[in-house]
Amino acid sequence: MVNNETEVLTEKKKKGRKPKANNYFDEREETAVKKFLIAETYEEKNKIYNEFLKDPLDKMISSIIRRYKLYRKDMNYEEIHVDTHSFLMTKIEKFKPSKEKKAYSYFGTICKNYLMGQIMKDQKEMNRKISYEDISSDLSNRAEMSYFIDNDELSSETIIKKFLERLKDNLDNNETNDQEHKLGSAIYDLFENYNQIFHESSNNKFNKNLILFELREMTNLSTKEIRNSIKKYKKLYFDLVQELLKD
């Protein structure tokens, strides 16, 4: 049944009047979307997509990007186009022809919302980095916010070793709730190999995103649960450093 309908589409494509340049997604393409959705095999879907949908969707995405100037930082036009087209194909099955809506409007909305969402996400990440760098630079240049340690023996290795000992005692004494215990155990495992959680660079930049990802994977806790539970260990670390500085 689908094959016969696909052949009809092909005939219309050959014999019908050629669409105008600005009418690249018309009734023929709307019909093709419906046939794509009810096709039962990958081969059928692929044939309909390549013959009737790929080029119109490419033109749609290109038009949306250029018309609304939805360009993304650190991505060229081709990368933006491919990324958007790939995302659209993950949503095409959710289109419901029974709702009497046009596939063209649905696809256009999906693409615009996705691109604007990604741009906002990129901007938010850039603002976060700029904010952190500005604050970090400002603090490092203020004398009252700097602390000079005269004790050469108080190295990062010493602090981490002492922290692990204090953390183990805390866990062994059952002074934690279930979430805190899961997080404490994960932190202990990570910091036993602390050299691997620093970038191999001259500034030893701490990879916070990697640590957060690892903690979520190891504990099955949400980011919010990790933030709440980690307060206990922040205090444990702070108190330890203050003690070491006094010695």
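The values are calculated or read from the model by the stated rules, or taken from the named source; none is laboratory data. Remember, it's a predicted structure, so these values are computed and weren't measured experimentally. Every residue, glycine among them, receives a Cβ derived from its backbone with ideal geometry; neighbour counts consider all protein chains shown.
The numbered conditions (1) touching a Leu at 6+ places or on another chain (Cβ under 9 Å); (2) assigned to a loop (DSSP other than H, G, I, E, B) are all true for Phe36 except (2). Taking the criterion of being under 26 Å from the mean Cα position of the chain (by Cα) and exposed (fewer than 10 other Cβ atoms within 10 Å of the Cβ), the only residue of the range 221-247 that qualifies is Lys224.
Is the range 182-199 home to any residue that is at pLDDT 70 or above and either part of a loop (DSSP other than H, G, I, E, B) or closer than 30 Å to Arg72 by Cα (or both)? First the steps, then the outcome.
Here is the first cut: in the range 182-199, the residues at pLDDT 70 or above are 182-192.
Still in the running and either part of a loop (DSSP other than H, G, I, E, B) or closer than 30 Å to Arg72 by Cα (or both): 192.
Yes; the residues of the range 182-199 include at least one that is at pLDDT 70 or above and either part of a loop (DSSP other than H, G, I, E, B) or closer than 30 Å to Arg72 by Cα (or both).
So which of Leu70, Leu53 ends up being among the aliphatic types (A, V, I, L, M), in contact with an Asp or Glu (Cβ under 7 Å, 6 or more places away or on another chain) and surrounded by 13 or more Cβ atoms within 10 Å (Cβ to Cβ)?
Details: Leu70 fails: in contact with an Asp or Glu (Cβ under 7 Å, 6 or more places away or on another chain).
Going through Leu70, Leu53 in turn, the sole match is Leu53.
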